[in-house]
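The values are calculated or read from the model by the stated rules, or taken from the named source; none is laboratory data. Everything quoted here is computed from the prediction, not taken from an experiment. Every residue, glycine among them, receives a Cβ derived from its backbone with ideal geometry; neighbour counts consider all protein chains shown. When the accessible area is computed, the model is the full protein with side chains, heavy atoms only, and any ligands, DNA or RNA have been set aside. Shrake-Rupley method; radii C 1.70, N 1.55, O 1.52, S 1.80 Å.
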Amino acid sequence: MAAIRPTGNSENSAETKPYLEGLNEEQRAAVLTTDGPVLMLAGAGTGKTRALTTRLAHLLHTGLAQPWQILAVTFTNKAAREMKHRIESLVGDRVEGMKWLGTFHAIAAQILRRHAELAGLKSSFTILDADDQVRLCKQVITAANIDEKRWSGRWLATVIDGWKNRGLTPDKVPANEAYHFADGKGIILYKAYQARMTTLNAADFGDLLVHNLTIFQNHPDVLEEYQRRFRYMLVDEYQDTNVAQYLWLRLLAQKHKNICCVGDDDQSIYGWRGAEVENILRFEKDFPGAAVIRLERNYRSTPAILGAASGLISTNKDRLGKTLWTDADEGEKVKVRGVWDGDEEARLISDDIESEQSKGRSLSEMAVLVRASFQMRAFEERFNTLGLAYRVVGGPRFYEREESRDALSYLRLIRSHDNDLAFERIINKPKRGLGDKALQVLHMIGRAQSVPLMTASRIALESDELHATARRSLLKFVDMIDRWSRDTKDMAPADLAELILEESGYIEMWKNSKSPQAPGKLDNLKELIQAVSEFETLEGYLDHVALVSELNENTGDGQIWLMTLHAAKGLEFPVVFLPGWEEEIFPSKRSLDENGNAALEEERRLAYVGITRAEQSCRISFAANRQIYGRWQNAIPSRFIDELPEEHVEVISEPGLYGNTRGHQTRNLELDHVAQHEEAYSHTPGRQRTRITSSRPSHTALIEGRSSTISVKPVGKSKFSKGQRVFHQKFGYGKVTLIDGQKLTVDFEHSGAKKVIDSFVEAT
């Protein structure tokens, strides 16, 4: 490793530069080492943003580079704005000339606009958003005569994004990867997608970098132009770069080699979206003679918190290594608490929050960080019960999520057939061939007859207003709703909710989805079923949800932060709660099954991120029991708890749960004691789920050749008379041959006899 010593323009001593005041030795070295490649290995809370922005200010202040000769890359627009603001406070208006400060995509788009014709585009090309990308993928799939229901456009978009993250154009995708989609047609569809993009004069976000790479590789003169232009390069969050970003940076840095990458291999937690921790691990090989400057002095957390985090992350093998330290007071040890179940965990954490609040701490100084979003539900319920204001970061609240709203709409329609809002939401979810046109017909019937959409559906089923395929689908839907409504008398609410989500095809829809959000949505649906199991009646649960949703937030004393560990990266809080540290939750079973040891190390890095969010107090908890899909299961404490250094941890066990255990090695806790109470626990009031069986009539209804059990009450006398000539927008002119209330049989001149609703025809 190269020695760390400041280099570059030494005009004016460091003492005369006010922007260097307050920097520690390592931060100063990171600022003043200006010649050659530099890796700023910045641990959590070590002031890396200050070091990075001061380095930029130093380059400008000393004249080592003009503003337009510096490439400064961030991952978010927010980070770019913050960096620009900080530099402006140091060097004033000179920051305005930094036209190459921004995100990877923003800078790549600038370059592509200048050389669009070299990528087969015009400079006025459109950048597609995610929805447009999916829509285009659907068109490509349909054009190839592939079943889009089986091989969805969203799935293809995800596959293509994965290839572009690796910098792969269609001709460079390994042949065996063609089977990632549509039984070997993946590459063909990728080619068709790119051809369509060219025709549309469009690019998606992945294209911005891939087109840059193609231009640089095929046109050395263009690459040389930018290599000369960028005398200095700075890259933030280098551990989060994907292969395409890595290749892009390497190409641009080859002339001057004055590239400074800032990152922390111990905080690389985005492998699931293409980030490659290997990029930062091999920096010294990519840039021989690079200076590696470790920022290890932490300005955020106590020694106890840092000791626990450092001990945990040291278990990882693939890391460059560093040791965080601080000269702050020792502070309290990291608390590890075993609790009986998830509800108890939420109650005790809420009690701790109220206790801290009574001591004068604001709610906004406390955060609950979970591994998966489904864990939030128990805390939201508890916070609402206690009237504690909270904010969910990185997504909507539990009952505001798409999948929660869909499931609740099914339950609400079962409870009340008059709920048109619920009907509209689920009539075609999952898709049943009952789209906007069918819904429009039902709305017209409903308005004309002053009846809810369920009743309008029954009326439509006895007419020809909908085509036969739509009528069959609608009959099945109405029949399911009726059957489930009858089942409310005989089935426990949670069993009914589970049955509805399964039989409706809603669960299957998300199982078949290749969206990155699909696994999380399935977990949230399981959590919703668990929530239903805590109520004796469906009405009780739905009323509870309605009341929870209507609670007003009191923001006078701030709000508790509730978010996933991924969303918490870069944030810090005086008090941090880390619940659910159990095997299969954290580390995630799904992640380990998919990526093995690499995933385990990333999960451990995620645990490290969670602990280092805490400034003064970090409290970890795990439950002995978890209710999963309505069934109680014994849980095993996370292996990460065993890896915490004993000298920095205090273990707290609930009375009688784990005996007199004092050590932190929770895998050896007395779980047999838990098992002894399992049977008694299952009979605790409010915990038991009972399915009441009943012999119910067959619910299969057919349209052709058999009559439906669906009946429609008379809704009044028709204004038309037998033999009257009428006009129908869909069927044309005809003569009324039969009248049944407000249903007419009309012999149309070109369509023959049809059953229609009288409000859909007019006299001629």
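Quick look at the values:
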quantity	calculated
Accessible area (Å², 1.4 Å probe, nearest 10) - His648	40 Å²
Relative packing of 42-53, 746-757, 116-127, 302-313, which averages over residues the other C-beta atoms within 10 Å, highest first	302-313, 42-53, 746-757, 116-127
Within the chain, percent of DSSP bridges classed antiparallel, to nearest 5	30 percent
Rule-of-thumb Rg ratio for the chain [Cα; 2.2 N^0.38 Å; N residues]	1.15
Cα-only Debye scattering, region 233-278: base-10 log of I(q)/I(0) at q = 0.16, 0.18 Å⁻¹	-0.41, -0.52
For region 280-364, the spread of Cα positions along each principal axis, largest first, Å	55, 30, 21
Karplus (6.51, -1.76, 1.60) ³J(HN,Hα), θ = phi - 60°, over region 584-592, in Hz, Gly and Pro reported as x	6, 9, 8, x, 5, 4, 4, 5, 5
Compactness of region 316-356, expressed as Rg and Dmax over alpha-carbon positions, Å	16.5, 41
Per residue convex hull volume, Cα atoms of region 198-259, in Å³	95 Å³
For region 433-489, the spread of Cα positions along each principal axis, largest first, Å	33, 26, 19
Net dipole in debye of region 76-213 [+1 Lys, Arg Cβ; -1 Asp, Glu Cβ; about Cα centre; nearest 20]	100 debye
In degrees, nearest ten, helix 153-165 long axis to first principal axis of the chain (Cα)	10 degrees
4 °C / 1.567 mPa s Stokes-Einstein diffusion coefficient of region 350-498, Kirkwood radius on C-alpha pairs, µm²/s	71 µm²/s
Cα-centred dipole magnitude for region 9-109, charges only on beta-carbon of K, R (+1) and D, E (-1), debye, nearest 20	380 debye
Share of alpha-carbon pairs per 5 Å distance bin for region 110-269, given as whole %	2, 8, 17, 18, 18, 14, 11, 7, 3, 1, 0
Directionally averaged projected area (convex hull, Cα atoms, region 605-649), nm²	4.2 nm²
Dipole magnitude of the chain about its Cα centre (Cβ charges: Lys, Arg +1; Asp, Glu -1), debye to nearest 20	2940 debye
Members of Lys149/Lys437; Lys191/Lys285; Lys476/Lys743 lying beyond 25 Å, as alpha-carbon distances in this model show	Lys191/Lys285
Crossing angle, helix 205-218 versus the chain [Cα axis fit, 0-90 degrees, rounded to tens]	50 degrees
Vicinal HN-Hα couplings computed from phi for region 398-415 (Karplus, 6.51 cos²θ - 1.76 cosθ + 1.60; Hz; Gly/Pro x)	4, 7, 9, 6, 3, 5, 5, 4, 5, 4, 5, 5, 4, 5, 5, 5, 5, 5
Highest to lowest packing among 180-188, 91-99, 638-646, scored as the average C-beta count within 10 Å	638-646, 180-188, 91-99
Ranked packing of 336-346, 76-86, most packed first, by mean Cβ within 10 Å	336-346, 76-86
Region 563-594-region 741-764 distance, computed between alpha-carbon centres (Å)	62 Å
Furthest towards positive pole of dipole, Leu56, Gln110, Met83, structure part region 13-119, Cβ charges	Gln110
Amide proton proximity set for Glu582, modelled H, under 5 Å, gap of 5+	Ser638
Within the chain, helix-based [θ] at 222 nm, where runs of 4 or more DSSP H residues each add -39,500 (n - 2.57), nearest 500	-13000 deg cm²/dmol
Relative contact order [Cα under 8 Å, 6+ residues apart], the chain, whole percent	14 percent
Charge-dipole axis of region 501-544 as Lys and Arg at +1 and Asp and Glu at -1 on Cβ define it, positive-most pick from His544, Ala518, Ala531	Ala518
Of Lys78/Lys333; Lys17/Lys257; Lys257/Lys317, those spanning more than 31 Å from alpha-carbon to alpha-carbon	Lys78/Lys333
Solvent exposure ordering (accessible area, 1.4 Å, most first) of His728, His61	His61, His728
Amide H contacts under 5 Å for Asp204, placed H, 5+ residues apart	Leu128
With Cα atoms, 0 to 90° folded angle of helix 518-532 axis to the chain main axis	60 degrees
Region 13-165: translational diffusion in µm²/s, Stokes-Einstein, Kirkwood Rh over Cα pairs, 25 °C, 0.890 mPa s	130 µm²/s
If the convex hull is drawn through the Cα atoms of region 459-577, its volume per residue in Å³	196 Å³
3J(HN,Hα) from dihedral phi, region 446-451, Karplus parametrisation 6.51/-1.76/1.60, rounded to Hz, x for glycine, proline	x, 5, 5, 9, 6, 10
Among Ile445, Val368, Phe577 - extreme Cα towards positive end, dipole of the chain, charges at beta-carbon	Ile445
Pairwise centroid distance, computed over Cα atoms, of region 507-537 with region 123-201, Å	29 Å
Region 444-481-region 327-384 distance, computed between alpha-carbon centres (Å)	50 Å
